[in-house]
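Chemist: This is the structure, below, for whatever I ask next.
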């Protein structure tokens, strides 16, 4: 029996997204980074240390002119996602784009249509689908133990009164701010679990940074479920990470992996993710199998073994439509409808 071929990857960008998120998951999945795009001397040295023999290119045209990895991972700043993704697609190299796919719905639609016109595979790094709480919640919903779900809540909150000095906090209009940093994770989770959104209400504020650092979204799904989603950097008492309310009970994920909070005392213990709650009765829930590196294992099956696409890129277009509606709602103070799925097949 022939051993499966190792997936090779070219990383566009070796900053926080490239080095701290994508590179470790690629390594853990068994993939190999063969090429990195960065013009920064320090990042060049780190890439060479992390991946002996790696080819480092000062720009994406340099990579495309001399290399042919199995997949191009676009981990550059958000404002350049469209440019870099289209370059890879037109070169015929399958592309993974870090979230968000683009700054807005128009840009996201443009990338997906270009993938379709070139016939080049495209997917988006909505990696939080492989978080333990999301996987466990999928199983709970499939089992029907919550009955009819009427509300989904998810929070990504932290206490950071002194903000970091980086483009994510400062690049207004170019992808900075929590709406485009954490918002895609929150919205994609809600869409994956409860389906299309018909109206959006939003509150967006900038408390400590030029770009927004205080985000609240209320989504009304066509299914009847309401999603309440929070992201904040000035939250001294983070709320529960996930709370799902249904006609037969509730599911609660008390705290955050990366920040202490007042609900940590309710943590259900090793091998468990969250609690089923019925009034004063609580039952710890076994964690569903899976882990974040499964995203890149799925990419390898998709590209090397004719497997399914890990994330349908049209899902990222739907997410962008909701985020655009959130901006409009915050500006007008009224509920806004996301752009319709005019380009999506089916």
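Laboratory data are not the source of any read-out in this text; all were calculated from the coordinates shown. Just so it is clear, the model here is predicted, and its values are computed rather than measured. Methodologically, a virtual Cβ is constructed for each residue, glycine included, from the backbone with ideal geometry; neighbour enumeration extends over all protein chains shown.
Chemist: Between residue 160 and residue 67, what is the spin-label point distance in nm, taking each point 7 Å from the Cα along the Cα→C-beta axis?
Modeler: For residue 160 paired with residue 67, the spin-label model returns 2.8 nm.
Chemist: On C-alpha positions alone, give me the angle between the axis of helix 313-332 and the longest principal axis of the chain, in degrees, nearest 10.
Modeler: Roughly 60 degrees, rounded to the nearest 10.
Chemist: Report, to the nearest 10°, how far helix 41-50 tilts away from the longest principal axis of the Cα atoms in the chain, using its own Cα long axis and a range of 0 to 90°.
Modeler: Tilt relative to the chain: about 80 degrees.
Chemist: Let me ask something else. Output the 0 to 90 degree angle, nearest 10, between the alpha-carbon long axis of helix 105-118 and the longest principal axis computed from the alpha carbons of the chain.
Modeler: The two axes meet at around 50 degrees.
Chemist: Once a ≥ b ≥ c are taken as the square roots of the eigenvalues of the Cα gyration tensor of region 129-286, is the result rounded (a/c under 1.5), prolate (a/b larger than b/c) or oblate (a/b not larger than b/c)?
Modeler: On the way: a/c = 2.30, a/b = 1.47, b/c = 1.57.
It comes out oblate by the Cα gyration axes.
Chemist: On full extension of the chain, what length is gained from residue 223 through residue 151, given 0.36 nm per residue of separation minus the C-alpha to C-alpha distance?
Modeler: Contour length minus Cα-Cα distance gives 24.8 nm.
Chemist: Based on the mean of other Cβ atoms within 10 Å per residue, sort peptides 194-201, 94-101, 78-85 so the most packed one is first.
Modeler: Values: 194-201: 18.2, 94-101: 26.9, 78-85: 21.9.
Listed from highest to lowest mean packing, they are 94-101, 78-85, 194-201.
Chemist: So, in Å, what gap is there between the alpha-carbon centers of region 278-346 and region 168-213?
Modeler: Centre-to-centre (Cα) distance: 14 Å.
Chemist: Under the rule of -39500 (n - 2.57) per DSSP H run of 4 or more residues, summed and divided by the residues of the chain, what mean residue ellipticity at 222 nm is obtained, to the nearest 500 deg cm²/dmol?
Modeler: On the way: 11 runs with 111 residues, N = 346.
Estimated from H runs of four or more residues: -9500 deg cm²/dmol.
Chemist: Quick one: if you stick a label point 7 Å off each Cα along the C-beta vector at residue 138 and residue 332, how many nm between them?
Modeler: 3.5
Chemist: Which order do the peptides 210-218, 277-285, 246-254, 305-313 take when ranked by the mean count of other beta-carbon atoms within 10 Å per residue, highest first? Can you show the working numbers first?
Modeler: Values: 210-218: 21.7, 277-285: 12.7, 246-254: 18.6, 305-313: 15.8.
Per-residue Cβ counts within 10 Å, averaged per peptide and sorted highest first, yield 210-218, 246-254, 305-313, 277-285.
Chemist: Of the peptides 106-118, 143-155, 43-55, 63-75, how do they stack up when ordered by the mean number of other Cβ atoms within 10 Å, highest first?
Modeler: On the way: 106-118: 19.2, 143-155: 16.9, 43-55: 15.0, 63-75: 21.3.
Ranked by mean Cβ neighbours within 10 Å, highest first: 63-75, 106-118, 143-155, 43-55.
Chemist: Given contacts defined as C-alpha pairs under 8 Å and at least six residues apart, what's the relative contact order of the chain, whole-number percent? Before the final figure, lay out the partial values.
Modeler: Details: 728 pairs, mean separation 60.3, N = 346.
Answer for the chain is 17 percent.
Chemist: Could you check what % of the DSSP bridge pairs in the chain are antiparallel, to the nearest 5?
Modeler: 60
Chemist: Tell me the label-point distance for the pair residue 28, residue 306, using the 7 Å Cα-to-Cβ offset, in nm and rounded to one decimal.
Modeler: According to this spin-label approximation, the distance is 3.1 nm.
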